[in-house]
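First the structure, in the form of structure tokens, and then the observations on it.
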Amino acid sequence: MTAHTTARRALAAIWAHALTMTLAIALALQCAGGARAQAAAPTAAAGNAIEAISANQQGANVIVKITLKDAPAQAPISFAISNPPRVVLDLGATANATGKTALELNQGELRSVNVVQAGQRSRLVFNLKRALNYAVAIDGKAVILTIDGTGGVATAVDANGLPAARAATPASAATSAL
């Protein structure tokens, strides 16, 4: 491979990263104004609502429990971003009833979560210390996010920390290997 080809690939990677970050910032700015107003008073049309978000560490893993008003009909769409390291959950027809748009969790490899609401969808962005695997499961009225701090394959657990069946996701895999 020539130096010219290597330079072109590096430049393409830089532009791709810049475009990704620009789109993420644009989405955040677009949603920021409405998110504050909607966080305090979730709309009835949204159907479900996020009531609480908590996290605890179990060994190397971090278990995040997202408590909803009603049991979710399906698992949220999820994906991971490696730079900066994040896990994202999209909950359709769900409002943010926590009254907060950011929450410092500081458990193991998990730093914080940002909750952004756009229309009837809520997006939870979990900010990690490093890119890790994760799994998503449904446990009654809760969505459980398991972040594997060992760097191995994450196993979905229920609210009690016991192995749970993986939630089927409509448009995305519930487990992500980075």
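Just name the residue that is surrounded by the most Cβ atoms within 10 Å (Cβ to Cβ) out of those in the range 75-90 that are in a strand (DSSP E or B) and of a type in the set (S, T, N, Q).
Taking the range 75-90 as the starting set, the residues that turn out to be in a strand (DSSP E or B) are 77-82, 85-90.
Remaining after also requiring of a type in the set (S, T, N, Q): 78, 82.
Numbers: S78: 24, S82: 12.
Of everything passing the filter in the range 75-90, S78 is surrounded by the most Cβ atoms within 10 Å (Cβ to Cβ).
Select from the range 91-124 the residues that are hydroxyl-bearing (S, T, Y) and not in a strand (DSSP E or B) and write down the one among them that is surrounded by the most Cβ atoms within 10 Å (Cβ to Cβ).
Restricting to residues being hydroxyl-bearing (S, T, Y) and not in a strand (DSSP E or B), the top hit is T98.
Which residue pairs have Cβ atoms closer than 7 Å, lie 6 or more positions apart in sequence or on different chains, and pair a first residue in the range 139-155 that is among the small types (G, A, S) and crowded, with 23+ Cβ neighbours inside 10 Å with a second residue that is at pLDDT below 95 and in a loop (DSSP other than H, G, I, E, B)?
Once the first residue is among the small types (G, A, S) and crowded, with 23+ Cβ neighbours inside 10 Å and sits in the range 139-155, its partners that are at pLDDT below 95 and in a loop (DSSP other than H, G, I, E, B) give A154/T175.
List every residue pair whose Cβ atoms sit under 8 Å apart, with the two residues 6 or more apart in sequence or on different chains, where the first one lies in the range 123-135 and is within 20 Å of I50 (Cα to Cα) and the second, anywhere, is among the basic types (K, R) and not in a strand (DSSP E or B).
A135/R166
Would you check which residues across the range 102-121 are within 10 Å of the chain's Cα centre (by Cα) and farther than 18 Å from Q57 by Cα and list them? Can you show your working first?
To start, the set of residues in the range 102-121 that are within 10 Å of the chain's Cα centre (by Cα) comprises 113-115.
Of everything in the range 102-121, those that are within 10 Å of the chain's Cα centre (by Cα) and farther than 18 Å from Q57 by Cα turn out to be N114, V115.
Being at pLDDT 95 or above and among the small types (G, A, S) is the filter here; which residues of the range 93-125 pass it?
A93, A95, A97, G99, A102, G108, S112, S122, listed by residue number.
Tell me whether the range 34-48 contains one or more residues that are among the small types (G, A, S) and modelled with pLDDT of 95 or more. Walk me through how you get there before you give the answer.
In the first step, residues of the range 34-48 are kept if they are among the small types (G, A, S); the result is 34-35, 37, 39-41, 44-47.
Next, from what is left, pick out any that are modelled with pLDDT of 95 or more: none.
For the range 34-48, residues among the small types (G, A, S) and modelled with pLDDT of 95 or more: absent.
The values are calculated or read from the model by the stated rules, or taken from the named source; none is laboratory data. Keep in mind that this is a model prediction, so the values were computed, not measured. Don't worry about glycine lacking a Cβ; one is built from the backbone with ideal geometry, like all the others, and counts go over all protein chains shown.
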